[in-house]
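Asks: This structure is in structure tokens; I'll ask about it shortly.
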Amino acid sequence: MSPLKISWKSIWSKPLSSALNIMLIAFGTGILTILLLASTQISDKLENNSKDIDLVVGAKGSPLQLILSSIYYIDFPTGNIPLKEAQELARSPFVKKAVPLALGDNYNGVRIVGTDRNFVGIYKLKVKEGKFWQNDFETTIGTSVAENLKLKIGDTFYGAHGLTGSTDVHKTHAYKVAGILAPQGNVTDNLILTNISSVWKMHDHEEEKAHNHDEKSEAPEIENKEITSLLIQYRSPMSVVMFPRMVNESTNMQAASPAQESTRLFSLIGVGVDTLQWFAVLIMFIAAISVFVNLYNSLKERSYDLAIMRTLGASRGKLFLIVIAEGIMLTLAGTIIGIVLGHLALQFIGSNQESSQARLSGLIFLGEEAYLFVAGLAIGIFAAIIPAVQAYRSNISKILSKN
Amino acid sequence: MIALNAVSHNYQNGHKIGFKDWQVDDGSQWLLLGASGSGKTTLLHILTGILKPQQGSVIIDGTSIYDLSSKDLDQFRGRNIGIIFQRPHLIKSLSIKENLVMAQSFANLPTDLNRVKEVLTSLGIADKKNAYPSELSHGQLQRVSIARAVINRPTLLIADEPTSSLDDKNAAAVLELLIDQSGINQATLIVATHDKRVKDAFTNTYELS
Ligand SMILES: Nc1ncnc2c1ncn2[C@@H]1O[C@H](COP(=O)(O)OP(=O)(O)OP(=O)(O)O)[C@@H](O)[C@H]1O
Ligand SMILES: [Mg+2]
């Protein structure tokens with residue numbers, strides 16, 4: 001009959017108050033777990049999608065909006081930029097790789113992105129089936145798109161104007177699925193990729209041409225063409241200092257850094273996370289007090305028990321251990337249940353999420369969760385230390401003679 | 001052998017009780033008599049190492065118990081002294097068996113379920129082994145507390161008014177069990193009481209004035 005077993009039995013002998021304490025701790029830990037998992041996953045996703053892109057150049061407007069629309073594909077673009085100017089920037093010595101994007105259409109809410117082969121390079125894309133888009137109106141679709149919209153190679157579909165909605169359908173040309181991407185774990189899973197001239201052609205119905213457009217050719221009709229934005233990978237770290245300033249000062253376009261804007265975005269979300277975090281900490285604190293009151297009250301009833309244990313040979317240290325172990329067991333049980341519940345809840349939230357763009361998963365475990373254990377342990381010790389010290393110090397002769 | 005040498009105790013409020021010297025031979029059975037408030041409980045606490053007296057020494061089997069460290073004294077008590085209180089007090093969250101096993105493990109002795117069974121059988125409550133204290137009658141609980149006191153085969157068995165809350169029949173039975181158990185376990189027995197029903201059973205008496 002070890003001291004730990006005595007603590008354990010004591011917890012079970014008052015199931016209601018023990019359950020209440022465990023629930024409080026579990027609730028607080030659960031919220032903290034969800035916050036921890038969700039915020040890490042969101043920031044990971046933000047980073048994953050902009051990993052190899054150093055800068056986005058687009059029409060003047062909100063830089064955050066430019067990043068949201070051209071990196072995460074979740075907001076409206078800021079406007080268009082002239083292809084000619086974009087091509088000049090692309091040839092700048094600061095630039096290693098430049099990827100043009102032409103947005104504006106969707107199919108069942110999935111964005112159709114007109115771009116060139118550099119897009120494949122910058123996102124390191126691979127096809128699972130079929131091939132990359134080549135001719136006009138050929139598309140390569142993300143793995144989630146194929147899954148969700150049940151599209152196969154050879155299927156055709158009509159794009160609709162706008163980023164969502166299908167009221168204004170471009171019936172003149174049908175897109176054809178030429179390939180399906182392997183799962184990439186970023187936004188490209190949810191995009192339909194095609195070449196830029198397809199997007200242009202959708203919009204100039206009268207100017208239909210039989211031959212292919214090469215977006216890099218200097219054909220005269222390119223003079224007044226426009227694209228949405230340009231993704232840029234720098235040639236050297238020096239570009240960081242020079243290039244954005246050059247774009248912002250000497251052209252009519254703006255340059256926005258995905259890293260900077262993601263950080264800014266995350267710090268905006270962070271305010272909400274902070275509030276919830278304090279709420280969870282408050283719950284944990286209340287739980288700690290509840291465990292303390294529980295132990296303190298039961299210690300009054302148990303002082304005679306503990307004195308009897310001393311007469312049976314238990315040392316002061318053992319009594320201390322029995323009381324503190326009871327507190328730690330309660331809070332650790334709460335912590336473990338809370339972490340498990342947090343994961344389950346997040347998995348549930350993830351499975352009910354509309355957009356698979358930012359789907360959260362409860363099946364990812366983080367090293368930081370160890371801190372939650374440490375916190376549970378600390379709360380247990382904090383709540384039990386005073387009762388334990390009292391058990392240690394108690395005058396058993398006095399307790400026993402007050403029979 | 002137990003020896004009480006020049007012991008006196010001052011309570012913090014200034015109340016002072018002196019005890020005359022006392023030699024208790026191994027295996028002898030003693031009655032500790034005294035009016036209410038004369039200091040019986042105080043003396044038993046001093047004898048069992050629960051209350052350190054201001055003056056004097058207590059020697060049990062050659063060990064001056066108040067010269068031991070707190071931890072060693074607890075250990076010594078667990079191994080060598082069995083105590084029975086006026087009211088039986090068991091740990092409510094543990095079964096009868098577990099209460100006895102707990103006494104073995106606090107004395108740092110290995111768990112011995114045969115011994116548990118043997119003691120409970122000799123006290124006639126073997127069938128209550130897996131019951132919880134709340135399921136037993138007062139008289140049965142007093143037997144369990146005797147079982148707990150003798151489980152580690154102590155050299156000294158001490159009872160503080162073990163019969164005062166029991167009716168005549170139970171009081172006689174408990175007294176008989178105490179005398180029996182001290183005989184079976186070859187333990188010295190000291191019973192403090194002001195219960196007249198107990199007096200006839202003992203030859204040795206130590207009186208407090
Ligand atoms: N903690 C204490 N502080 C001060 N005085 C005490 C304390 N405990 C006991 N006393 C006093 O010491 C004296 C002896 O008390 P004790 O409990 O030993 O008597 P007793 O002989 O066991 O009495 P009873 O037969 O009623 O149990 C009493 O006068 C009591 O008032
Ligand atoms: Mg008394």
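Every number in this text was worked out from the coordinates using simple rules, so none of it is lab data. Keep in mind the model is a prediction, meaning the values are calculated, not measured. Using ideal geometry, Cβ is built from the backbone for each residue, glycine included, and neighbour counts are taken over all protein chains shown.
Asks: Which value in deg cm²/dmol, rounded to the nearest 500, describes the helix-derived mean residue ellipticity at 222 nm for chain A, given -39,500 (n - 2.57) per DSSP H run of n ≥ 4 and division by the residue count? List each step's numbers first, then the result.
Replies: Working: 12 runs with 213 residues, N = 403.
Counting only the DSSP helices, I get -18000 deg cm²/dmol.
Asks: Another question about this same structure. Hey, what angle do you get for helix A:316-351 against the long axis of chain A, alpha-carbon based, 0 to 90 degrees rounded to 10?
Replies: Here the helix axis deviates by roughly 20 degrees.
Asks: Kindly rank A:3-12, A:151-160 from highest to lowest mean number of other beta carbons found within 10 Å of each residue.
Replies: On the way: A:3-12: 18.8, A:151-160: 16.6.
Result, highest mean first: A:3-12, A:151-160.
Asks: May I pose another question? Shielding of A:314-320 by partners, i.e. mean partner chain Cβ atoms within 10 Å per residue? Write out the running numbers ahead of the final one.
Replies: On the way: counts 10, 9, 3, 3, 4, 1, 0.
Per residue, the number of nearby Cβ atoms from other chains is 4 on average.
Asks: Only bridges with both residues in region B:2-207 count here: give the DSSP antiparallel percent, nearest 5.
Replies: 40 percent
Asks: Here's another thing I want to ask about it. Go through B:173-184, A:102-113, A:168-179 and give me the packing order, highest mean Cβ count within 10 Å leading. Please list the in-between numbers first.
Replies: Working: B:173-184: 18.4, A:102-113: 21.7, A:168-179: 16.5.
Descending mean neighbour count gives A:102-113, B:173-184, A:168-179.
Asks: Averaged across B:87-94, how many Cβ atoms of other chains sit within 10 Å of each residue's Cβ atom? Can you show the working numbers first?
Replies: Details: counts 2, 0, 7, 2, 12, 7, 11, 7.
For peptide B:87-94, the averaged partner shielding equals 6.
Asks: With an 8 Å cut-off on Cα pairs and a minimum separation of 6 or more residues, tell me the relative contact order of region A:55-256 in percent. Kindly include the intermediate steps, with their values, before the conclusion.
Replies: Numbers: 426 pairs, mean separation 70.6, N = 202.
This gives 35 percent for region A:55-256.
Asks: Quick check: the angle from helix B:70-80's long axis to the longest principal axis of chain B, C-alpha only, nearest 10 degrees?
Replies: With rounding to tens, the tilt is 60 degrees.
Asks: Using DSSP to call loops (not H, G, I, E or B), can you name the trypsin sites (Lys or Arg not before Pro) in region A:310-403 whose Cβ has at most 13 other Cβ atoms within 10 angstrom? Show your work: numbers first, answer last.
Replies: Details: sites: A:R310, A:R316, A:K318, A:R359, A:R393, A:K398, A:K402; in loops: A:R359, A:K402.
In loop regions of region A:310-403 (DSSP not H, G, I, E or B), the sparsely surrounded trypsin sites (Lys or Arg not before Pro) are A:K402.
Asks: What share of the DSSP beta bridges in region A:55-256 is antiparallel, in percent to the nearest 5? Don't skip to the answer; put the middle values down first.
Replies: Values: 30 of 39 bridges.
Roughly 75 percent of the DSSP beta bridges within region A:55-256 come out antiparallel.
Asks: Can you return the lysines within cross-link range of A:K51? Criterion is Cα-Cα under 16 Å, with same-chain partners fewer than 8 residues away left out.
Replies: By straight Cα distance, A:K51 reaches A:K96, A:K97, A:K124.
Asks: Take B:A6, project a point 7 Å from its Cα along the Cβ direction, then tell me which residues of region B:41-80 have their backbone nitrogen under 12 Å from it.
Replies: Only B:55-57 pass the distance filter.
Asks: How much net charge surrounds A:G79 when only other residues with a Cβ under 11 Å from its Cβ are counted (Lys, Arg +1; Asp, Glu -1)? Kindly include the intermediate steps, with their values, before the conclusion.
Replies: Working: positive: A:K60; negative: A:E226.
Computed value for this residue: 0.
Asks: Any chance you could check the Cα centroid distance between region A:144-176 and region B:1-29 for me, in angstrom?
Replies: 100 Å
Asks: Assuming 0.36 nm per residue, please report the length gained on full extension of the stretch A:L268 to A:S92 beyond their Cα-Cα distance. Don't skip to the answer; put the middle values down first.
Replies: On the way: separation 176, 0.36 × 176 = 63.36 nm, distance 3.39 nm.
Length gained, A:L268 through A:S92: 60.0 nm.
Asks: To the nearest 10 degrees, how steep is helix A:258-311 against the longest Cα principal axis of chain A, on a 0 to 90 scale?
Replies: Its long axis makes an angle of about 10 degrees.
Asks: In whole Å, what is the distance between the alpha-carbon centres of region B:83-159 and region A:1-21?
Replies: 21 Å
Asks: Further question on the same structure: State, as an integer percentage, the relative contact order of chain A based on alpha-carbon contacts under 8 Å between residues 6 or more apart. Numbers along the way, then the final one.
Replies: Values: 690 pairs, mean separation 110.4, N = 403.
Across chain A, relative contact order equals 27 percent.
Asks: Using R₀ = 35 Å, calculate the FRET efficiency as 1/(1 + (r/R₀)^6) where r is the Cβ-Cβ separation of B:K169 and A:M23; round to 0.05.
Replies: Values: r = 49 Å, r/R0 = 1.41.
Efficiency for this residue pair is about 0.10.
Asks: Just need the relative contact order of region B:2-207 here, percent rounded to a whole number, with Cα pairs under 8 Å and 6+ apart. Before the final figure, lay out each step's value.
Replies: Details: 349 pairs, mean separation 59.0, N = 206.
Normalised by residue count, the contact order of region B:2-207 is 29 percent.
Asks: Something else: Show which lysines lie in cross-link reach of B:K52 when reach means a straight Cα distance below 26 angstrom and same-chain residues fewer than eight apart are skipped.
Replies: Of all the lysines, those that pass the test against B:K52 - Cα under 26 Å, at least 8 places apart if same chain - are A:K300, A:K318, A:K398, A:K402, B:K16, B:K20, B:K40, B:K71.
Asks: Which value in nm describes the separation of the simple spin-label points at A:A378 and A:K126, placed 7 Å from the Cα toward the beta carbon?
Replies: It works out to 4.4 nm between the two label points.
Asks: Under a plain spin-label model, where a point goes 7 Å from the Cα along Cα-to-Cβ, how far apart in nm are B:D72 and A:K51?
Replies: Label at B:D72, label at A:K51, 6.7 nm between them.
Asks: Among B:T111, B:L32, B:I146, whose Cα projects farthest towards the positive end of the dipole of region B:2-207, with charges put on the beta-carbon of Lys, Arg (+1) and Asp, Glu (-1)?
Replies: Of the candidates, B:T111 comes out farthest on the positive side.
Asks: For region A:285-365, run through the GluC sites (Glu not before Pro) and keep only the ones in DSSP coil with at most 13 other Cβ atoms within 10 Å of their Cβ.
Replies: A:E354
Asks: Any chance you could run the full-extension gain for A:L16 through A:N248? It's 0.36 nm times the residue separation minus the Cα-Cα distance, nm to one decimal. The partial results should precede the final answer.
Replies: On the way: separation 232, 0.36 × 232 = 83.52 nm, distance 6.54 nm.
Gain on extension, A:L16 to A:N248, equals 77.0 nm.
Asks: Let me ask something else about it. So what is the 222 nm mean residue ellipticity for chain B from helices alone, if each DSSP H run of at least 4 adds -39500 (n - 2.57) and you divide by all residues, rounding to the nearest 500 deg cm²/dmol? List each step's numbers first, then the result.
Replies: On the way: 6 runs with 70 residues, N = 209.
It comes out at -10500 deg cm²/dmol, rounded to the nearest 500.
Asks: So, in nm, how far is label A:L149 from label A:Q347 when the simple model puts each one 7 Å beyond its Cα toward the Cβ?
Replies: The answer from the label model is 3.1 nm.
Asks: R0 = 56 Å: FRET efficiency of A:L366 with A:E226, Cβ-based, nearest 0.05? Walk me through the intermediate numbers first.
Replies: Numbers: r = 44 Å, r/R0 = 0.79.
So, using R0 = 56 Å, E works out to roughly 0.80.
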